[in-house]
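The values are calculated or read from the model by the stated rules, or taken from the named source; none is laboratory data. Computed from a predicted structure; not experimentally measured. Ideal geometry is used to build each Cβ from the backbone, glycine not excepted, and the neighbour counts take in all protein chains shown.
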Amino acid sequence: MTETQLTEQEIIRREALKKLRELGIDPYPPEEYPVTAYSDEILSQYDPEKNNFQDVSLAGRIMSRRIMGNASFIELQDSHGRIQAYFRRDDICPGEDKTMYNTVFKKLLDIGDIIGIKGHVFKTKMGETTVWVKEFKLLAKSLRPLPIVKEKDGKVYDAFTDPEQRYRNRSLDLIVNPEVKEIFIKRTKIVNTMREFLNAHGYLEVETPILQPIYGGAAARPFKTHHYRLDQTLYLRIANELYLKRIIVGGFDGVYEFAKDFRNEGLDRFHNPEFTQMEIYVAYKDYYWMMDFFEEMIEKVALALHGTTRVKHGDRVIDFKRPWKRLTMFDAIKEHAGVDISNMDEDELRATAEKLGIETDPSMGKGKLIDEIFGETTEPHLIQPTIIMDYPIEMSPLSKKHRSKPGLVERFEVIVNGKELANSFSELNDPIDQRERFEQQLLLGKRGDEEAMVLDEDFLKALELGMPPTAGLGVGIDRLTMLMTGAHSIQDVIFFPQMRPEKKVVIDPKEKFLELGIPEEWVPVIQGLGFSTVASLREVKPGKLFNDITSYNKKHKLGLKNPTQEEVKAWVEKAAAV
RNA sequence: GAUCCAGUAGCUCAGUUGGUAGAGCACAUCCCUUUUAAGGAUGGGGUCCAGGGUUCGAGGCCCUGCUGGAUCACCA
């Protein structure tokens with residue numbers, strides 16, 4: 001990037017950087033800076049009576065400055081919060097030389113710079129707990145201006161809110177929007193609470209392949225890639241279910257994985273192409289056991305996060321206190337759509353769906369039709385945590401046939417706030433049955449269902465060795481985090497959500513301009529005028545370019561010797577010839 | 001993929017029937033030794049998302065595109 005393409009404020013900061021170096025100050029010092037206190041502990045524990053925190057050392061970012069001649073206040077933001085600090089010229093500079101205060105602090109430091117401060121804590125006249133700074137040290141110079149967010153009486157002014165900029169520049173978002181940080185701290189707390197709960201049960205955290213030769217365990221369009229040494233097509237996993245079950249076959253009683261899964265589908269506020277699921281499989285259990293287990297785990301998460309099972313989400317309160325409501329799928333549909341579909345065949349289901357205003361197409365089998373009816377009429381109404389159980393066999397190729405209800409499987413989903421949170425079943429462990437189910441899926445695939453599962457011979461081989469009766473469950477961590485934090489969009493719970501690439505301005509290197517005979521000092525000027533490529537000079541009229549160049553020189557007080565009209569004409573002609 | 005909305009200074013936003021681009025914060029220079037959305041004075045800063053079109057003249061009108069958001073569709 002050339003100097004002329006920087007903004008005024010960026011140039012000023014780069015000049016400050018130079019001046020700091022001239023004063024012998026390293027703007028990026030290598031050595032550690034010992035921190036002895038954090039903003040939040042000082043604010044909560046400082047007591048003038050006790051006279052504590054009289055020798056503290058903090059490090060953080062300057063977020064605002066209020067300079068009053070020979071005394072100043074700044075707000076310092078460390079990883080825990082913000083605290084005010086007081087700088088007085090004669091404390092910073094006890095001797096004759098006032099450079100550290102007058103020049104370094106007042107002129108060369110900026111909002112956004114990272115500094116370390118040493119001093120003692122006191123309360124100002126206004127009663128604000130403040131660090132009285134005796135010495136400070138620049139730890140890292142910031143070269144870009146920060147959006148300035150101000151606040152008074154809880155009202156925020158000029159908040160940095162543009163979602164596009166926030167997601168593309170998450171670092172900046174985290175610096176200026178403290179509530180964003182909170183969400184991610186909570187996300188980790190959710191994961192940690194779950195992990196502790198799972199470990200306390202003695203289950204083993206494992207890792208399974210992300211690159212899979214056959215994708216399975218869910219119905220979704222995969223990302224496809226290629227390994228060149230093996231000359232083999234590989235897929236990014238859409239789920240890890242089939243691998244975890246193979247580990248159960250191997251003799252572990254309980255295994256789980258927090259897994260990044262990838263699905264090549266649309267993006268919206270509930271879907272990101274890569275997302276996180278926790279899947280767990282426990283031997284010798286069934287889906288009833290898993291219902292209790294999951295309720296207990298999620299209740300624990302809510303308590304760990306909020307100290308209560310009642311969680312605010314928008315203008316709703318969701319109560320995770322167990323036990324949750326349990327309904328069979330057919331009963332739920334009966335309740336919300338007013339139709340009993342439990343004994344319908346495919347044609348009757350199709351007619352019912354049409355009557356309910358649901359579009360159908362010939363590729364849809366019985367399972368898909370029931371799923372559509374449920375999704376359309378019932379799911380959005382389930383706000384409080386609800387367990388929907390006993391799904392039709394056609395839509396659940398990996399789960400075990402129901403012990404007493406023909407045509408159904410032992411499967412449940414947990415619906416919260418109208419969205420699926422978790423999916424679980426008594427795992428199908430009959431290898432012959434499993435092979436038939438896969439073959440059913442192949443038929444659906446032939447009918448045009450793009451998401452029908454593929455037959456995984458290696459998985460079947462494992463099942464044929466004998467898998468104990470097993471309960472399995474998958475829970476979406478992103479959606480759980482949204483629920484627990486009240487986040488509106490999945491982009492708010494993923495640090496770096498998928499975005500379309502930003503359009504980059506193509507800039508030719510300086511050398512290409514030099515080849516036209518343009519003197520080096522004029523290259524940034526021409527680029528600054530918007531001619532970022534040599535090709536862009538082809539169309540311009542030499543006279544106009546000459547005018548633009550000379551007036552730019554004058555306007556920006558560059559003090560360069562103007563080229564002649566003939567010289568400019570020659571540049572343009574040469575550009576046209578390239 | 002469809003519809004609607006938005007894109008103007010580093011940030012948040014104004015910009016009237018088409019007529020020389022504005023504010024607050026930030027930045028620069030100066031004043032100010034307990035301020036807190038600090039205050040006071042002065043000043044600089046713009047490819048009005050991009051490309052076409054209409055017009056004597058476009059930030060504003062028309063067309064196309066790009067990016068984002070919302071809703072819908074898709075997505076266990």
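A few comments on the model shown:
- For the range A:286-303, the count of residues that are part of a strand (DSSP E or B), of a type in the set (A, V, I, L, M), closer than 27 Å to A:D390 by Cβ and in contact (Cβ under 8 Å) with a residue 12 or more places away in the chain is zero.
- Any helices (runs of 4 or more DSSP H) falling wholly within the range A:130-231 and containing at least 1 residues that are of a type in the set (A, V, I, L, M, F, W, C), under 24 Å from the mean Cα position of the chain (by Cα) and modelled with pLDDT of 90 or more: A:170-176, A:178-200
- Every condition in (1) under 30 Å from A:F252 (Cα atoms); (2) part of a strand (DSSP E or B) is met by A:V121 except one, and the failing one is (1).
- Restricting attention to the range A:455-490, the residues that are more than 12 Å from RNA strand B (Cβ to nearest atom), in a loop (DSSP other than H, G, I, E, B) and surrounded by fewer than 18 Cβ atoms within 10 Å (Cβ to Cβ) add up to 5.
- The range A:244-293, subset small (G, A, S) and within 24 Å of A:A220 (Cα to Cα), residue surrounded by the fewest Cβ atoms within 10 Å (Cβ to Cβ): A:G266
- Residues that are of a type in the set (A, V, I, L, M, F, W, C), in contact (Cβ under 8 Å) with a residue 24 or more places away in the chain and not in a loop (DSSP other than H, G, I, E, B) within the range A:314-331 comprise A:I318, A:L327, A:M329, A:F330, listed in sequence order.
- On inspection, A:F258 fails the criterion of being among the aromatic types (F, W, Y) and part of a helix (DSSP H, G or I).
- A:K504, sole failed condition from (1) near RNA strand B (Cβ under 9 Å from one of its atoms); (2) of a type in the set (K, R); (3) at pLDDT below 70: (1)
- A:I388 vs. criteria outside any strand (DSSP E or B), among the hydrophobic types (A, V, I, L, M, F, W, C), touching a Phe, Trp or Tyr at 6+ places or on another chain (Cβ under 9 Å) and under 16 Å from A:T328 (Cβ atoms): no
- Residues satisfying the stated conditions in the range A:384-399, i.e. more than 12 Å from RNA strand B (Cβ to nearest atom) and under 31 Å from the mean Cα position of the chain (by Cα): A:Q384, A:P385, A:T386, A:I387
- For beta carbons closer than 8 Å, sequence separation of 6+ or different chains, a first residue in the range A:136-164 that is basic (K, R) and a second that is within 11 Å of RNA strand B (Cβ to nearest atom) and at pLDDT below 90, the qualifying pairs are A:K150/A:V156; A:K150/A:Y157; A:K150/A:D158.
- Output for the range A:131-150, where each listed residue is loosely packed, with under 14 Cβ neighbours inside 10 Å and near RNA strand B (Cβ under 6 Å from one of its atoms): A:I148, A:K150
- Restricting attention to the range A:332-383, the residues being modelled with pLDDT of 85 or more, in a loop (DSSP other than H, G, I, E, B), within 16 Å of RNA strand B (Cβ to nearest atom) and crowded, with 17+ Cβ neighbours inside 10 Å number 2.
- The residues listed here are A:P222, A:P213, A:P209; of these, the one that is crowded, with 19+ Cβ neighbours inside 10 Å and touching a residue at least 12 places away in the same chain (Cβ under 8 Å) is A:P222.
- Any hit, the range A:29-48, residues being touching a helix residue (DSSP H, G or I) at 6+ places or on another chain (Cβ under 8 Å), touching a residue at least 24 places away in the same chain (Cβ under 8 Å) and surrounded by 12 or more Cβ atoms within 10 Å (Cβ to Cβ): no
- Yes/no for A:F122 being farther than 18 Å from A:R61 by Cβ and of a type outside the set (G, A, S): yes
- Exclusive hit being closer than 30 Å to A:I11 by Cα and either surrounded by fewer than 14 Cβ atoms within 10 Å (Cβ to Cβ) or not hydrophobic (A, V, I, L, M, F, W, C) (or both), set A:N199, A:N177: A:N177
- Among residues of the range A:316-355 being touching a Lys or Arg at 6+ places or on another chain (Cβ under 9 Å) and among the polar types (S, T, N, Q), the one that is nearest to A:M290 (Cα to Cα) is A:T328.
- The range A:244-267, subset in contact (Cβ under 8 Å) with a residue 60 or more places away in the chain and over 18 Å from A:Y215 (Cα atoms), residue nearest to RNA strand B (Cβ to nearest atom): A:L267
- A residue that is surrounded by 18 or more Cβ atoms within 10 Å (Cβ to Cβ), near RNA strand B (Cβ under 7 Å from one of its atoms) and either in contact (Cβ under 8 Å) with a residue 60 or more places away in the chain or of a type outside the set (S, T, N, Q) (or both) cannot be found anywhere in the range A:123-130.
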